[in-house]
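Okay, structure first, notes after.
The values are calculated or read from the model by the stated rules, or taken from the named source; none is laboratory data. Small disclaimer: the values here were computed from a predicted structure and weren't measured. Here the Cβ is made from the backbone with ideal geometry for all residues, glycine too, and neighbour counts use every protein chain on show.
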Amino acid sequence: MRLGANRDQPKTWDPSASTGGENLASDWVMSGLILLSIGLAAASLHSVVADVAWWFVLMLVATIVLAAGGIVRSFARHKGWGTLAAFLAAVMTMTLLFSPQNALLGLIPTFDTLGTFREIEAAGSESIATQGIPANASQGIVYLLCLGVAAIAFVMDTLAFAARAPAFTGVPLIVLLLVPSFVNAELNDPFLFTLTAAAWVAILLVRSRPAGRATALGIASVALASALLLPLVLPSVQPRTASSGPAGIVTTGINPIVNLGDDLRQGDPSLALTYTTTALTGQYLRLTALDDFTGTAWAPTAIEVIPENSMDAIGAAPGLGETVPRSEVSTDIVVSNIGTQWLPAPYAPASVTGLVGDWGWEPDALAIRSDRSNARGQEYTVRSVLIAPSIEQLTAAGTIVEPGLERYLQVPDDLPAVVGATATEVVAEATTNYDKALALQDFFRAGEFTYSEQAPVEQGYDGSGASVLAAFLEAKSGYCVHFSSAMASMARTLGIPARVAVGFTPGEALTDDSGRLVEYRVTTMNLHAWPELYFAGIGWVRFEPTPGRGAVPEFAPQAQDDPATPDVDESVPIPATTSAPTATPSAAPSLPPEEQSAPGATTPGATMSVQWWWVALAILVALLVAPSVVRAVRRKRREAETARGSALAAWDELRDLADDLGLRTSDARTPRQLSGDLADHLDDDGQRALARLRTALETEAFAEQTGNPDPHDLTIVCRSLRRRAGIVRRLVAALFPRSLFASWLPAPSPGGSATPAG
């Protein structure tokens, strides 16, 4: 106990002054309030992240971190052990959730664990950059959210218990609450903002002495008002458009069709990928197939990639009958500027080799995707099956719909009636699904419709949802998204299973001087969407309704088998050759030179990455400034108590200032001994002022009456100590006040003096 303590005198608040049971209960109440505030703040992310399952994962992480700190703190003599336990719990929880296979006992991270974390973080950053709002909670995004919440829980635990600065727990909460504002100021949730602020006020009240609760409420009110107004003046991060974001980079999120129009409108073409193939012609390269027609947009059904689905043996094409002609094709692909979790590949892929990262395939669409890796920069070989059904086989399929295809026939309730009516009118008296499909394709390509990337935007019917189809059919102008969506929708109304594929048209064939094909170059202008229709016994077949784009598929008539050659079945077309093809010389497309990634080069995700770095920088600055602010508040409070007549408050301030300046002090030193130690670091005015403060303290301690210290004497002594300490020690004392962490640091020996600390 410091000399001069008097039960009748006001004391500075000290949480350790309460009984053990009361303090322990208070600590657990504090941890519970911190958890509540984090949960409320994290819930505000619902406007930028879809679904709610991720919130429970975040709460699991925060609960483990705070519980670990609370349990250890309940038994340890020093609160610092609880903080250390919270940190270790955060590390082990992240390891267990995201990389247990590379960790010791699934909990202790290794260097391989760190590598996995980097991969998941990169995938998360890519997802943030490429997805729309609200974003699908991919593994990478959930990892980043859990990492942030683990850090926030640890920082709040440290501020509340180790640093004894509960007021500053609001800083990380504000950062978490402002995340939606970085995307768009309109995404804030005022209700959750208010509830979080209320939880923070409760934290202040639990850790505030009664006399300071009015002040706490005042601070909370000002902070809440500022937090609600700040998003209104913050610049929002708008979704990437043709004129924003990294130029020339193709990005696709969970639904590749969402940004397709913006990518097509980028302006000058940019290289997307190059490939060579053993096929006689260029290949359509699919990313995925969209089969869920909800009305808002065509989207891929959320089918989990099975880890056991080896890339060395991809499943057979759905519905492909044994009698359908086919040939094997090999395609070598080098990806440039495509930021996507989907892998460009010809349909139907049989195997893929050379990929880097974790990839899998979906059994229905045979789409190849990854939750962690990215297509950009990949070099791989796809062995695929080129399916070549004949007209007779397509016609023979009739109108049969095989069991299990019902979801490919669903149309939204708000599908305009004109879609079905137009489809019925177009097919007229066609009897087979193949004849109907040809009629629909010819309807769009006959010349009445025109291709335009701008008309849908200018006239307000851009997109692939049901609501835009009526306007598109009336305007008769649009781009591939509208043509493919319209034909697939019309096919479904006619009872033909249909879906929309997204990917690239074959690209430009480049040859050398001798006319030998060198490679195909695919640019951003080759981005495309097309319908795929299902025929019984054949499977999925591509059609091309977009005028002026792509190539209309050709189906050979079935030849008659010659009885004179019983050993040869002429009814089966000769498979495509696998020899290297030649092509007509063609000038290379006008492309910017392909550049290697350079340090500092812009990549997809840079826009959002800047925002995340801004948040990280704000947190760092807040943490660096927090100690000096806490110390300044404590100093002002003691100066006020000194003015009210407390010599003990003045003496406490002198002792802490000496500690901050690196002058070792000890509670074991009497006021006279400490005065003698400090005298060597004071000028004459400071020594006289110190003597008067010491007299006031002794009077207060032994005469049991107010010492009536002069507040000006405290100012003189403090100014003298700082002046004699030098500018470097003053700066260190201001930024990193040692007195705040005195209980953490080694105590000086009983005979120690106020000498400069090593």
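Worth pointing out:
- Restricting attention to segment 335-361 and to residues that are hydrophobic (A, V, I, L, M, F, W, C) and in a loop (DSSP other than H, G, I, E, B), the residue that is surrounded by the fewest Cβ atoms within 10 Å (Cβ to Cβ) turns out to be Val356.
- Filtered residues of segment 362-384 (kept if more than 22 Å from the chain's Cα centre (by Cα) and either surrounded by fewer than 20 Cβ atoms within 10 Å (Cβ to Cβ) or part of a loop (DSSP other than H, G, I, E, B) (or both)): Glu362, Pro363, Asp364, Ala365, Leu366, Ala367, Gln378, Glu379, Thr381, Arg383
- Filter pass, Ala43 being at pLDDT below 80 and not β-branched (Val, Ile, Thr): no
- The residues of segment 673-687 that are in a helix (DSSP H, G or I) and in contact with a helix residue (DSSP H, G or I) (Cβ under 8 Å, 6 or more places away or on another chain), listed by number, are Leu674, Ser675, Leu678, Ala679, Asp685, Gly686, Gln687.
- Test result for Pro531, part of a loop (DSSP other than H, G, I, E, B) and either buried (at least 24 other Cβ atoms within 10 Å of the Cβ) or of a type outside the set (Val, Ile, Thr) (or both): no
- Some residue of segment 335-351 being hydrophobic (A, V, I, L, M, F, W, C), assigned by TED's automatic domain parsing to the domain that holds Arg492, at pLDDT 85 or above and closer than 21 Å to Phe483 by Cα: no
- Evaluation of Ala488 against (1) in contact (Cβ under 8 Å) with a residue 40 or more places away in the chain; (2) farther than 24 Å from Thr340 by Cα; (3) outside any helix (DSSP H, G or I) (one fails), failing number: (3)
- Residue within segment 401-412 that is of a type in the set (Asp, Glu), outside any helix (DSSP H, G or I) and over 18 Å from Thr493 (Cα atoms) present: no
- The set of residues in segment 446-458 that are touching a Phe, Trp or Tyr at 6+ places or on another chain (Cβ under 9 Å) and assigned to a helix (DSSP H, G or I) comprises Ala455, Pro456.
- For segment 37-54, filtering for residues that are of a type outside the set (Gly, Ala, Ser) and surrounded by fewer than 18 Cβ atoms within 10 Å (Cβ to Cβ) leaves 3.
- Considering the conditions (1) modelled with pLDDT under 80; (2) under 55 Å from the mean Cα position of the chain (by Cα); (3) crowded, with 19+ Cβ neighbours inside 10 Å, Ser749 is excluded by exactly one of them, (3).
- Pairing residues of segment 351-365 that are within 21 Å of Leu290 (Cβ to Cβ) with residues that are polar (S, T, N, Q) and part of a loop (DSSP other than H, G, I, E, B), at Cβ distances under 6 Å and at least 6 apart in sequence or on separate chains, gives Trp359/Ser370; Gly360/Asn309; Trp361/Asn309.
- For segment 84-105, the count of residues that are in contact with an Asp or Glu (Cβ under 8 Å, 6 or more places away or on another chain) and closer than 13 Å to Ala150 by Cα is at least one.
- The residues on offer are Gly21, Gly69, and the sole one that is modelled with pLDDT of 85 or more and part of a helix (DSSP H, G or I) is Gly69.
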